[in-house]
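The values are calculated or read from the model by the stated rules, or taken from the named source; none is laboratory data. Keep in mind the model is a prediction, meaning the values are calculated, not measured. Here the Cβ positions follow ideal geometry from the backbone for every residue, glycine too, while neighbour counts run over all protein chains shown. To get the accessible areas, we keep the full protein, side chains included, count just its heavy atoms, and leave off ligands, DNA and RNA. Shrake-Rupley method; radii C 1.70, N 1.55, O 1.52, S 1.80 Å.
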Amino acid sequence: AVGVAQALINNPANRAAMAEAHKEVARMGIQPDYECECSLIELAQMAYNVYDLHTSPKIRPQNYGDDETRMLADVWVNKKRGVAVLALKGTDPDSATDISHDIKSVILGGAPSEPLTNLAAVVKEFQDKGNRVMVTGHSLGGYMAEVVASSCGISGIGWCAPGTGWHRGDHAGDGHGFQNINFEADLCGNLLAGIFDHGQWSVYVQDYGRAPTHAMEYMVKSMATPERRGWTNKNVVGHCTSGKTGYYT
């Protein structure tokens with residue numbers, strides 16, 4: 001898989017498709033907003049709840065997603081705060097389309113150009129309605145959350161997600177309001193870390209030790225602990241210990 005991924009990284013067609021997608025997003029006129037903030041428990045719960053879209057496509061009045069790739073998403077709006085959170089559904093083991101997208105876009109390095117432009121249009125739609133927009137997601141959804149955040153210049157959290165590598169946009173890195181949070185022993189979320197890196201140092205949750213952990217329900221439990229109730233996408237790094245490869249809880 002490493003050799004195939006490296007070959008696809010150098011595939012001119014893939015790079016051209018992603019470059020064109022980033023240009024299309026830039027033309028949308030999305031306003032960068034690195035400062036929007038939300039608690040980690042709220043973002044974790046949204047990333048968990050969005051999985052219901054797979055079995056209940058009418059769970060909310062209007063759902064958003066890419067029919068071809070099954071990149072399903074939903075938007076939670078806090079009208080009082082004027083904040084909309086785009087939550088992207090991760091991989092469902094029972095969904096052949098989800099697994100296919102994982103293999104194509106993450107493991108094999110194919111460009112997620114069409115999902116990016118579709119989701120960026122949702123960001124623009126909710127900004128035009130007067131909302132500040134954030135993004136979150138788990139696994140495949142967390143990977144796409146980082147692609148969207150770094151391309152649109154918005155904040156959020158990617159949970160248990162592999163790195164985006166060259167798929168991400170120019171609005172990446174520490175200080176841009178987006179953070180990825182993985183379990184330390186997550187075999188899926190930390191997949192091919194040496195090839196597909198994140199735009200910022202990862203935060204690693206150590207609650208389950210060396211036991212392989214990837215499920216979003218466990219992340220919700222970790223973020224719901226009393227000592228983490230005040231943690232947000234903006235201050236989480238300050239609550240962690242810096243190590244050689246990232247930040248540790």
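Key figures
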{"item": "Count - residues of the stretch 195-210 that are more than 14 Å from Gly173 (Cα to Cα) and either modelled with pLDDT under 90 or open to solvent by less than 40 Å² (accessible area, probe 1.4 Å) (or both)", "result": "6"}
{"item": "Filter pass, Asn49 being open to solvent by 20 Å² or more (accessible area, probe 1.4 Å) and modelled with pLDDT under 65", "result": "no"}
{"item": "Residue selected from the stretch 142-160 under the condition aliphatic (A, V, I, L, M) and modelled with pLDDT of 95 or more, by the criterion nearest to Thr245 (Cα to Cα)", "result": "Ile157"}
{"item": "Members of the stretch 119-146 that are of a type outside the set (A, V, I, L, M), in a helix (DSSP H, G or I) and either open to solvent by less than 30 Å² (accessible area, probe 1.4 Å) or closer than 16 Å to His171 by Cβ (or both)", "result": "Lys124, Phe126, Gln127, Gly141, Gly142, Tyr143, Glu146"}
{"item": "Residue check for Thr225: buried (at least 16 other Cβ atoms within 10 Å of the Cβ) and over 28 Å from Pro32 (Cβ atoms)", "result": "no"}
{"item": "Boolean, Asp174 is modelled with pLDDT under 90, surrounded by fewer than 24 Cβ atoms within 10 Å (Cβ to Cβ) and within 19 Å of Thr249 (Cβ to Cβ)", "result": "yes"}
{"item": "Residues within the stretch 177-204 that are β-branched (Val, Ile, Thr), in contact with a strand residue (DSSP E or B) (Cβ under 7 Å, 6 or more places away or on another chain) and assigned to a loop (DSSP other than H, G, I, E, B), tallied", "result": "0"}
{"item": "Residues satisfying the stated conditions in the stretch 27-45, i.e. within 17 Å of Trp231 (Cα to Cα) and open to solvent by less than 30 Å² (accessible area, probe 1.4 Å)", "result": "Cys36, Cys38, Ser39, Leu40, Ile41, Leu43, Ala44"}
{"item": "Members of the stretch 179-194 found to be at pLDDT below 95 and open to solvent by less than 30 Å² (accessible area, probe 1.4 Å), listed by number", "result": "Ala185, Asp186, Gly189"}
{"item": "The stretch 205-249 - residue that is in a strand (DSSP E or B) and without any contact (Cβ under 8 Å) to a residue 60 or more places away in the chain and, of those, nearest to Ala44 (Cα to Cα)", "result": "Val205"}
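Conditions tested, residue by residue: (1) among the basic types (Lys, Arg); (2) modelled with pLDDT of 55 or more; (3) touching a Phe, Trp or Tyr at 6+ places or on another chain (Cβ under 8 Å); (4) not in a helix (DSSP H, G or I).
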site	(1), (2), (3), (4)
Gln62	no, no, no, yes
Gly65	no, yes, no, yes
Ser105	no, no, yes, no
Ala111	no, yes, no, yes
Thr117	no, yes, no, no
